[in-house]
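Written below as structure tokens is the structure these notes are about.
Values quoted throughout were computed directly from the atomic coordinates according to the rules given, and no laboratory measurement underlies them. Everything quoted here is computed from the prediction, not taken from an experiment. Heads up, the Cβs are rebuilt from the backbone with ideal geometry, glycines too, and the neighbour counts pull from every protein chain shown.
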Amino acid sequence: MSEIIIQIDGRDVAAREGMTILEAAQTAGITIPTLCHHEKLEPYGACRICTVEIENRGRTRLVAACLYPVEKDLVVRTRSEKVDRIRKVILELLLAHAPEATELQVLAKEYGADKDRFEKESSFCILCGLCVRYCAEVKKKHAVGFVDRGTGREISFIPEIASRECWNCKECFPLCPTEALQAAYVLTEALISSSPSFKLEAEE
Amino acid sequence: MDNDSIDQIIDKQRGKPGSLIQVLMEIQDKNQWLPREALEKVSEKLEVPLSRVLRIATFYKTFKLIPEGRHKIHICTGTACHVRGAQRVLDTVQDLTGIKPGETDPDLKFSLETVNCLGCCTLGPVLEIDGKTFGKAAPAEIADELKKYE
Amino acid sequence: MARISSVAELEELRKDILSKREPGKPWIAFCGGIGCLCLGNDRVISAFAEEIRKQSLEAKVGLRMTGCHGFCEKGPSVVIYPEEVCYLEVTPEDVPEIIAQTVVGKKVIDRLVYTDPKTGEKAAHLFEIPFYRNQTRFLIGNNPRINPRSIDDYLAAGGYSALAKALFEMSPEQVLAEIKKANLRGRGGGGFPAGLKWETARNAPGEEKYVIVNAHEGEPGAFMDRALFTGNPHCVLEGLIIGAYAIGAHQGFIYTRHDNPQLRENIDIALAQAKEYGLLGENILGSGFNFNVEVHLDIGIFVSGESSALMRSIEGKAPEPRPKYIRTSVSGIWEKPSNLNNVETWANVPMIINKGSAWYAGIGTERSKGTKLISLSGKVCNTGVVEVPLGTPLKEIVYGIGGGIPNGKKLKAVHFGGPMGGSLPESLIDTPLDFDALAKLGAPMGAGAMLVIDEDTCMVDLARHFLEFLAGESCGKCVPCREGIRQMLKILTRITKGKGKEGDLELLEELAGVTREAALCALGRSAPNPFLSTLKYFRDEYEAHIKEKRCPALSCKELSASGGAKKNE
């Protein structure tokens, strides 16, 4: 793989072909915030908090750093007025769901996001999909998945699979930036233990 | 729905790309809705994780995970119908049937659903009962029509 | 049917089909479009068949079920050839008279012909009715003359001659050059030059390439692609085969919705007939070029029509868009170069090849060439499928073709492009129908749904309506789209209920800006368009709702009842 030199925040950074902007930045020790990214998982591009400004062939664009592949002569700005405003609003939208989430609070401080700007939502989940994707891609168990679409989208454990797999795993718990995942699991557990058709692994 | 008919549908589609959606569509066509056991069977036989089957089954409005009424009322709330008074049509039907969009009455007589555009915008506002389209729907006519269904 | 294996055989077959058609023989074309069928054309058709049988006219009169004629407002529509007498709002009771007077007696029945409501002038022939007369019907004009289930009808109208020309007289490079010179722009919404897209797919590395017809038509208020594809499927198919030849693809996909049985059947029949004649499959017309087509049905939600989501769906995955940092023309279905164009774009191709790019580029404006199909709906007298040269002033569509606003109401706005489009106020009605001119004004043409709005529609509620639609029809994957739409919808709903606050508009603008810049796909990035365009041109309506708790259109229920609204009455 050939080496490509790109510029991030005024610094020349050496990257390999096929790398994303985020990976190139990380190797150079430059921080770009992420919420749905995980090194063991396929890039997802859903939270958009890693949005950066790029300049290439005379055009300026906003792209997701976790997905955009590096290319020759690329100029990246990880902070700008536009980028900061986007991150601030994204955080405010997510804080309506999970005002207490530490990860969000730290970023909120950095970007001046107001956790009370929008009316609070009933679900804590910010749908980063870390649990869903970790369970599918790393554990290959598919015990938790997405349901519904649009603003109705949710995560949901599959009781049939959860009753077999989750008790002894729970590797997704620490990935969750909010309390939503554990809440969803507790609910599923209640469903499993109240239903004669499921048997928790731990009880056996 | 019996296991054999599900098996037949799955065997016909197996191996084709996109077979999951096609299988679910055919089961729904035959059975009117998708029972949990059918989804489990599809997952097992197509070797698709149940979470993915559920994701697809809940992604599309067309798929029903609960039993449907004998008669299906679709009210178009697409833009052209919206500006021509779809809300009045919806209000009328809700009053007459006592159910809201997405609901089925306890007698399983009617299921009510709003849809986005039936492609006959020139006839708006439009409603569809059991696949039959009624254009320029006026509240009084709707009341007469609904009386015909058992 | 015999397989055709050369151009000479194709022309022989065409001659043979034409020679069997008696030029003076009357035949009756029934509109089988969705509008006319809803209005009871099925009963009219049965009445004709019955009457013809009764009078033993089977050998003397031909009956033809066709696709949509276009003038949906006045359906059921029946056209009698060869004179092309057009009867509107026909009932089964009219049938015996039509047969006796017009089909046999060659006389026009006055009460069944179009009467101009303003001048009282009658128009007996299809081409005299202002709705049709003021159009340029290159694409949809064949609909009344063709039975979509008969490839012979399409051949009789000159069909597949462009394919023969492309395969035998032109190299793939020449076909591509012709499309580029014609400056054919994608009709699905983006207006991206089709030739450049084809070229990218053609030059992309890899042997296996795909071409796709996007017949999803999920834009509410759009029904023209269905009318064209259902009514004249071979014309789309011919364009697709020519495109595949230019790009170097041997596999095509037609992506359409499963909720339209008539379209589905017509496509299946067209594919089977083309295959039987050797116009599809191996060694097409003996040229050595192979091409096959698969139909992919989906139940689709709005986002399924987005090109990358559509390709995921063909692969059998959940239709979630993916970011187009690598274009689908380079890496699409199963990561192979995949060229996607919409129904209308493909339908333009045979015409360009037959008549040449110079002819085509002579129609339209400097940067928008050819004609455009429009689905005309809403508060306008003549709704239906309309085709006009690009560059036609909107005023001509609303008044010249659409016949103006019914019930003595005033025109307030026209809205283009559904939930991803925008509204233009009455003061901009002289704007030409042009990709760039409309986009610049904040009302991109989209696929061609044109909704006419009168003074009774509240623009704030219209913006709310579109967001409500998108809340249920986006995939919900990325934050700016899902959460941005959720919050914008909440605020707009509050405003239409009289609970708007100072600062709401600024907040909406900020949300709209972020959604537009940071969302993952085109659906999310365009979601704020209806709000932004209505705010731009109808800010006073927003302010009336927020500051005076008044709905100037008297349409918001909670507000019409309030003191503010009453004062206005």
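Data overview
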{"read-out": "Where only alpha carbons of the stretch A:67-193 are counted, the Rg and the Dmax (Å)", "value": "17.3, 58"}
{"read-out": "Principal axes of chain C: Cα extent on each, largest first, Å", "value": "75, 63, 39"}
{"read-out": "Chain C - Cys residues lacking any other Cys C-beta under 4.7 Å", "value": "C:Cys38, C:Cys68, C:Cys72, C:Cys86, C:Cys235, C:Cys381, C:Cys458, C:Cys475, C:Cys478, C:Cys481, C:Cys521"}
{"read-out": "Cβ-based net charge around A:His142, under 12 Å, with every Lys or Arg adding one and every Asp or Glu removing one", "value": "+3"}
{"read-out": "Isolated Cys in chain A, by beta carbon distance under 4.7 Å", "value": "A:Cys50, A:Cys66, A:Cys125, A:Cys135, A:Cys166, A:Cys169, A:Cys176"}
{"read-out": "Convex hull volume per residue for chain B, taking Cα atoms only, in Å³", "value": "121"}
{"read-out": "Charge context of C:Thr493, other residues only, Cβ under 14 angstrom, K/R +1, D/E -1", "value": "+3"}
{"read-out": "Nearest-0.05 FRET efficiency for B:Met1 and C:Arg43, computed from C-beta distance (R0 30 Å)", "value": "0.25"}
{"read-out": "Radius of gyration, Dmax [the stretch B:3-59; alpha carbons; angstrom]", "value": "9.9, 26"}
{"read-out": "Cα-derived Rg to Rh of the stretch C:371-454, Kirkwood definition", "value": "0.91"}
{"read-out": "Local net charge near B:Leu108, Cβ-Cβ under 15 Å (Lys/Arg +1, Asp/Glu -1)", "value": "-3"}
{"read-out": "For chain C, calculated [θ]222 nm from helices alone, where every DSSP H run of n ≥ 4 adds -39500 (n - 2.57)", "value": "-11500 deg cm²/dmol"}
{"read-out": "Residues B:Tyr149, A:Tyr44, A:Tyr111, sorted so that the one with the fewest Cβ neighbours within 10 Å comes first", "value": "B:Tyr149, A:Tyr111, A:Tyr44"}
{"read-out": "Label point distance in nm, C:Lys60-C:Thr365, each placed 7 Å from Cα along Cα→Cβ", "value": "5.4"}
{"read-out": "Projected label distance in nm at A:Thr102 and C:Lys122, using a 7 Å step from Cα toward the beta-carbon", "value": "8.6"}
{"read-out": "Fraction of alpha-carbon pairs over 25 Å apart in the stretch C:22-145 - percent", "value": "17"}
{"read-out": "Whole-Å distance, taken between Cα centres, linking the stretch C:178-228 and the stretch C:349-423", "value": "19"}
{"read-out": "Cβ-based exposure ranking for C:Cys68, C:Cys556, A:Cys169, in which fewest neighbours within 10 Å come first", "value": "A:Cys169, C:Cys556, C:Cys68"}
{"read-out": "Label zone at C:Glu265, where the point sits 7 Å out along the Cα-to-Cβ direction: the stretch C:66-82 residues whose backbone N lies under 18 Å", "value": "C:66-69"}
{"read-out": "Trypsin sites (Lys or Arg not before Pro) within the stretch C:345-450: DSSP coil, no more than 15 neighbouring Cβ in 10 Å", "value": "C:Arg367, C:Lys409, C:Lys410"}
{"read-out": "Neighbour-limited loop hits for GluC sites (Glu not before Pro), the stretch B:1-87 (at most 13 other Cβ within 10 Å; DSSP other than H, G, I, E, B)", "value": "B:Glu47"}
{"read-out": "Cα→Cβ-extended label distance, 7 Å offset, between A:Ser123 and A:Leu187, nm", "value": "0.9"}
{"read-out": "Share of alpha-carbon pairs per 20 Å distance bin for the protein assembly as shown, given as whole %", "value": "13, 44, 35, 7, 0"}
{"read-out": "Rh (Kirkwood; distinct C-alpha pairs) - the stretch C:80-189, Å", "value": "17.6"}
{"read-out": "For a label point 7 Å along the Cα-to-beta-carbon line of C:Lys181, residues of the stretch C:355-377 with backbone N under 11 Å", "value": "C:356-361"}
{"read-out": "Likely footprinting exposure, C:Tyr399, C:Tyr132, A:Tyr185, fewest C-beta neighbours within 10 Å first", "value": "C:Tyr399, A:Tyr185, C:Tyr132"}
